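No lab work stands behind these numbers, since they all come straight from the coordinates. Please read all numbers here as calculations on a predicted model, not as lab measurements. No Cβ is skipped: glycine too gets one built from the backbone with ideal geometry, and neighbour counts run over all protein chains shown.
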Amino acid sequence: MSVKGKIVFITGASAGIGAATALAFAAEGARLLLAARRAGKLSEIASAALARGAEAVHSIDLDVRDRRAVQKAIDELPEEWSAIEVLVNNAGLSRGLEKLYVGKIEDWEEMIDTNVKGLLYVTRAVVPGMVVRGHGHVVNLGSTAGDLTYPNGAVYCATKAAERALNDGLRQDVLGTPVRVTSVDPGMVETDFSLVRFRGDSERASKVYKGVKALTPEDVAEVIVWATSRPAHVNIARVLLTPVQQANSLLFSREES
Ligand code: NAP
């Protein structure tokens with residue numbers, strides 16, 4: 001199935017995996033609906049996407065944690081942007097790396113509100129239209145963290161375990177319609193993810209990737225585009241991808257420097 005001319009809605013499109021996914025769909029000639037909070041970054045990605053071949057781009061300044069804003073953004077889409085074919089639920093983040101019993105409750109709330117509730121709000125706003133139109137594809141960003149909890153990361157891992165349950169649940173609930181549901185679950189991807197987790201501490205963030213050739217955001221984007229361009233009767237339920245130097249969320253083979 002070609003995504004050329006199809007409307008692809010990507011949350012968290014201002015950086016990392018979301019931005020790379022926007023550019024990968026742009027190269028296929030898709031029409032891109034891009035959402036994130038940082039309007040400036042989003043507009044840079046929008047220009048790059050047009051240069052890369054996107055048929056058109058429409059950007060939305062959106063915080064997925066704001067339930068009403070999410071519904072309003074979808075309800076008020078210009079007519080020519082309303083038939084969303086592919087939804088990529090990518091917006092997400094981690095905050096802090098601490099033992100659960102001393103973790104910051106504000107950090108937990110931010111992760112749960114974004115990674116779980118935000119994903120639910122966007123899904124709830126977009127999927128009814130897909131069911132009515134009789135086609136659509138939801139791609140959720142999971143993680144190896146959803147398979148296996150790592151120490152000091154229990155709440156982030158729990159949000160990704162929740163994503164897995166929601167992905168499976170949605171796939172069951174759209175059964176009988178042509179809507180497809182896929183979870184793309186990467187291991188370590190080098191993005192701003194760790195910089196966000198450590199609130200701008202770049203030294204600490206760079207140590208996360210030390211001695212490992214991490215996945216690039218483009219590696220993940222390629223899988224997302226692949227999953228959405230299978231023939232209409234094929235549903236890719238889940239793709240788990242890691243760097244060769246990573247076996248799971250706990251086990252790495254790091255090169256000594
Ligand atoms: P990133 O480079 O930090 O990008 C995160 C994106 O999410 C940004 O565009 C950010 O945009 C957006 N975002 C965060 N909070 C948001 C909110 N409340 N409303 C709207 N957008 C929001 O991180 P990334 O690595 O690309 O992460 C993307 C997804 O992949 C996340 O779901 C993450 O959990 C998952 N993932 C990452 C890795 C990894 O190793 N990097 C591995 C597995 C899974 P604004 O700040 O402009 O809003």
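Data table
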| read-out | value |
| --- | --- |
| Amide proton proximity set for ALA91, modelled H, under 5 Å, gap of 5+ | THR11, GLY12 |
| Dipole-positive endmost among ASN152, LEU87, ALA46 within the range 7-241 (Cβ charges, Cα centre) | ASN152 |
| Sequence of ARG164, ARG95 once ranked by neighbouring C-beta atoms within 10 Å, starting from the fewest | ARG164, ARG95 |
| Simple Cβ-charge dipole of the chain, Lys/Arg +1 and Asp/Glu -1, about Cα centre, in debye nearest 20 | 240 |
| Cα-based helix-to-principal-axis angle, 39-52 vs the chain, degrees rounded to 10 | 60 |
| Residue order, fewest to most surrounding Cβ atoms within 10 angstrom, among GLU110, GLU44 | GLU44, GLU110 |
| Burial ordering of LYS41, LYS160, fewest other beta-carbon atoms within 10 Å first | LYS41, LYS160 |
| Dipole magnitude of the range 88-155, debye to nearest 20 (Cβ charges: Lys/Arg +1, Asp/Glu -1, about Cα centre) | 280 |
| Too-long pairs where the Cα-Cα distance tops 24 Å, listed order kept, from LYS72/LYS117; LYS104/LYS207; LYS41/LYS160 | LYS41/LYS160 |
| Qualifying GluC sites (Glu not before Pro) for the range 184-257 [loop in DSSP, other Cβ within 10 Å: at most 12] | GLU255, GLU256 |
| Simple spin-label estimate for ASP75 and GLU203 in nanometres, 7 Å along Cα-Cβ | 5.0 |
